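The values are calculated or read from the model by the stated rules, or taken from the named source; none is laboratory data. Keep in mind the model is a prediction, meaning the values are calculated, not measured. No Cβ is skipped: glycine too gets one built from the backbone with ideal geometry, and neighbour counts run over all protein chains shown. Only protein heavy atoms, including side chains, enter the accessible area calculation; ligands, DNA and RNA are left aside. Shrake-Rupley method; radii C 1.70, N 1.55, O 1.52, S 1.80 Å.
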Amino acid sequence: MTGYPSIVNERLLGSLRAAVEAAPNDRVLRLHLAELLVASGAGPEAIGHLAAVLAADPSSVDAQQLMAQALGGDAPGPTTAAPSARETPTVAADPGSFDWASAEAELDELAPVHVEASADERAAAAAFPTETSPVTLADVGGLQEVKDRLFASFLAPMANPELRKLYGKSLRGGLLLFGPPGCGKTYLAKAVAGELGAAFLHISLSDVLDMYVGQSERNLHEIFESARASVPCVLFIDELDALGQKRSLTRNSGMRTTVNQLLTELDGVGTDNEGVFVLAATNHPWDVDPALRRPGRFDRTLLVLPPDPEARAAIFTTHLRDRPVSGIDVRELVKKTDGFSGADIAHLCESAAEAALLDSARTGVARPIAMADFRAALGTVRPSIGPWMDTARNVVLYANNGEYDELGKYLRKYGRR
């Protein structure tokens, strides 16, 4: 081995290391690696392998002699033991040539060291986990018009397979939920999955994008494969405007190819999304690539507006359910929070609870949350959807091609928030 070029020696040692790692109890293989390590001057590494051999077989003469050599003793003398099957006669090589036949003979002695992962291991490594949603539409307070639209869009077809088959209704395509932030689009998606008893797979930008070329597209494909393997499944893509941004607006070729992959997964040749209903949410539908809005993709849209009075009452009830309260007038709170998003109402409840907590800590006597805490919080908490409304108003006025007529009606009805 000492006459081999270093690149071949390293290749052989690397193969042997991998083989030992795959079969740590193979003493013959480990002894052979130690012998080559000693010959190449890597005594400290050889000592570890020889110690493992001697721990299993303390009487091994070959291991004892190699250990003495690795520790800096004299080279082992000739032994009377018969040569092992792995030993080959050494032929003096011409210093100016390389003995390829001997090198190939050495490499041929190594068994394949690649270990195939089981099907379950591959699935666990590649699949994106789905969950079961405990929420149904009955848990969504108010928003009756939105619920009716959801039922007409796909809940009725999915719940009545016989009628779906009779009328040739496909489950392909998706629904795009849009509206101001914090108004419950994600909660509605979970409620749809719970209503259907379907698996729920929620993905965001961080689940898809990757720094390595081509990995984002692979992640997206694996996400859809996980959904197809779990039908019926509701696949929910959050912040679609970030993942499916208009290709004309981005200079990043990686983002453009990611949008192309998303288009392919939705309705490309060879894709079978029957039983997979894709829901997506965005605050800025006007920034989504137009190709994603074509039939067979996100061909249906649903405007999710700030909660109506019934929904606001339900949100207050939910956030105050497990907190100590006294004298809370929910009707007054509902009246004073017109235009608040669900997230704004949650923040208002947090602020009132914080005021009661600080007062209790100051006086040393715990007290319940009162209306005075909410009135004080209302003086500091304001609706957060104002900037979104300004942008939406500009889109309705100057860039509406009929897609945002419903949003325009809402803006005209309620005026400037």
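Here are some notes:
- Only residues that are crowded, with 18+ Cβ neighbours inside 10 Å, polar (S, T, N, Q), over 27 Å from T136 (Cβ atoms) and at pLDDT below 90 were counted across the range 217-255, and they come to 1.
- Within the option set T301, T380, being hydroxyl-bearing (S, T, Y) and without any contact (Cβ under 8 Å) to a residue 60 or more places away in the chain holds for one residue only, T380.
- Condition met for A356 (at pLDDT 95 or above and in contact with a strand residue (DSSP E or B) (Cβ under 7 Å, 6 or more places away or on another chain)): yes
- Restricted to the range 351-394, and to residues there that are of a type in the set (K, R) and farther than 19 Å from H319 by Cβ, the residue that is least open to solvent (accessible area, probe 1.4 Å) is R393.
- Checklist (1) in contact (Cβ under 8 Å) with a residue 24 or more places away in the chain; (2) surrounded by fewer than 16 Cβ atoms within 10 Å (Cβ to Cβ) applied to S206, failing item: (1)
- Single condition L397 does not satisfy, out of (1) at pLDDT below 95; (2) in contact with a Gly (Cβ under 9 Å, 6 or more places away or on another chain); (3) surrounded by 14 or more Cβ atoms within 10 Å (Cβ to Cβ); (4) aliphatic (A, V, I, L, M): (3)
- Scan the range 244-270 for residues that are over 26 Å from G184 (Cβ atoms), within 21 Å of the chain's Cα centre (by Cα) and not basic (K, R) and the total you get is 10.
Okay, residues lined up against (1) under 32 Å from the mean Cα position of the chain (by Cα); (2) in a helix (DSSP H, G or I):
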site	(1), (2)
T318	yes, yes
L333	no, yes
H347	yes, yes
A352	no, yes
R367	no, no
D373	no, yes
P387	yes, yes
E406	no, yes
L411	no, yes
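- Among the candidates G197, G214, G168, residue that is open to solvent by 50 Å² or more (accessible area, probe 1.4 Å), more than 18 Å from V276 (Cβ to Cβ) and out of contact with any His (no Cβ under 7 Å at 6 or more places or on another chain): G168
- Selection within the range 331-344: residues that are surrounded by 15 or more Cβ atoms within 10 Å (Cβ to Cβ) and not polar (S, T, N, Q). The member of this set that is farthest from K185 (Cα to Cα) is L333.
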